[in-house]
Each structure stands twice: as C-alpha cells, then as structure tokens.
1. Arrange 149, 138 by Cβ neighbour counts within 10 Å, fewest through most, would you?
2. Run the simple label-point estimate for residue 146 and residue 57 please: 7 Å along Cα→C-beta, distance reported in nm.
3. Residues with beta-carbon under 15 Å from that of residue 148, excluding residue 148: net charge, scoring Lys, Arg +1 and Asp, Glu -1?
4. Testing the spin-label approximation: label points 7 Å from Cα along Cα→Cβ at residue 115 and residue 93. State their distance in nm.
5. Let me see the pair-distance distribution of segment 51-104: every alpha carbon pair, 10 Å bin width, integer percents in order.
6. What share of Cα pairs, in percent, lie more than 16 angstrom apart in segment 23-87?
7. Modelling each spin label as a point 7 Å along the Cα-to-Cβ direction, I'd like the residue 137/residue 72 distance in nm, to one decimal.
Amino acid sequence: MSTGERTRLVRKRKVRPYQGRGAIYAWLRAQHAAIVALGSSRPCLWAELVLDMVEDQVVDGNGARPSAHNVRMTWPRVCRDAEAEAASPKRKRTFPSRISPEWRPTIVPPPPIRHVAQPPSAPASHPYAGNAASPVDDDMTPEGQAELDKIARILAEHDRKKFGF
C-alpha cells in the first residue's frame with residue numbers, strides 16, 4: 001500500500017516548538033488528544049504514527065526519519081507534561097478593555113496612628129527649658145533615650161546663649 005492510498009491516523013495540526021524538546025516531542029504534543037482517543041487498541045499504533053510523522057516531515061535530533069521506538073519512548077514524557085499542564089491552574093489574562101467600568105481596586109486602610117507619650121508641660125519659652133529632657137518614646141532603647149536627652153540639653157543651652165536668658 002503506497003502512502004497516497006493510506007488514510008492518516010491523526011489530522012495534521014500546527015506544531016509549536018517546546019524549549020529543550022525535539023520535533024518528535026512537539027509533534028506528539030500537538031497530536032496528544034487524538035492519540036489518546038485512539039488508545040492502545042491498534043496493534044501497530046506507533047508504526048502508523050511514524051508514517052504520519054514522515055508525511056509531516058518530522059525528523060529526530062540527528063535529522064533522520066523517526067523510528068517507532070523513538071516515538072514509543074517519547075510518548076510517556078509527552079503524557080506526563082500534558083497532564084502537568086492540565087493540572088496547573090491557568091491564569092486567564094484580563095485585558096484593560098474587558099474590565100468592568102464599575103471595578104475599583106481594594107482600598108487598604110492606613111496603619112493605626114501611634115501616640116507618643118508627651119513630656120510634662122514645660123514653660124512656654126522653650127519646650128525643654130525647664131528640665132532639658134526630651135520626650136519619652138516607649139519603643140526607644142535606654143541608650144537611645146540617653147542620647148536624645150543629651151541632644152535636647154545641648155539645644156536648650158544653645159538657645160539660652162543665642163537669646164541671652
């Protein structure tokens with residue numbers, strides 16, 4: 001029987017390349033659904049698939065005609081990858097033109113306001129003139145608070161020298 005009289009086992013489909021995979025893999029992946037539908041009921045399934053591949057000008061990694069053994073050994077990898085792709089959730093892209101005009105982004109509430117403890121009231125002339133102590137912050141370490149008190153005393157002395165009181 002010549003190839004002209006033979007009917008194809010699977011319909012010809014567009015084959016897209018898969019990174020790191022050969023032409024046999026890509027062809028089997030494109031025909032995956034049709035081959036699964038055929039099942040293993042045909043005794044010479046792989047040989048017939050090779051004939052379809054030859055018609056579609058598929059070659060192996062060496063540029064030679066694919067063999068039934070190559071096709072049979074590649075098939076489990078194709079099935080594994082197709083099942084993994086089907087099991088992974090597909091993110092459907094939403095184009096901006098398809099978003100509802102009433103849609104608004106979720107508004108995140110601002111963080112709560114922290115209140116810093118206020119120092120005891122000082123004379124109105126300078127906030128630190130009476131005790132030269134800085135405001136107390138509950139989150140500050142003792143070393144940091146001591147440094148802040150030192151800076152407050154220096155500023156208070158500087159103001160007294162500048163204004164003469």
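Values in this text are rule-based calculations from the coordinates and carry no lab data. Computed from a predicted structure; not experimentally measured. So basically every Cβ, Gly included, is an ideal-geometry build from the backbone, and we count neighbours across all protein chains shown.
1. Working: 149 17, 138 8.
Lowest to highest Cβ neighbour count: 138, 149.
2. That separation, rounded to one decimal, is 8.5 nm.
3. Numbers: positive: 150, 153; negative: 137, 138, 139, 143, 147, 149.
Net charge around residue 148: -4.
4. Roughly 5.2 nm, to one decimal.
5. P(r) over segment 51-104, rounded to whole percents: 18, 26, 20, 17, 12, 7.
6. Working: 842 of 2080 pairs.
Tail of the P(r) past 16 Å holds 40 percent of the pairs.
7. Here the answer is 7.6 nm between the modelled labels.
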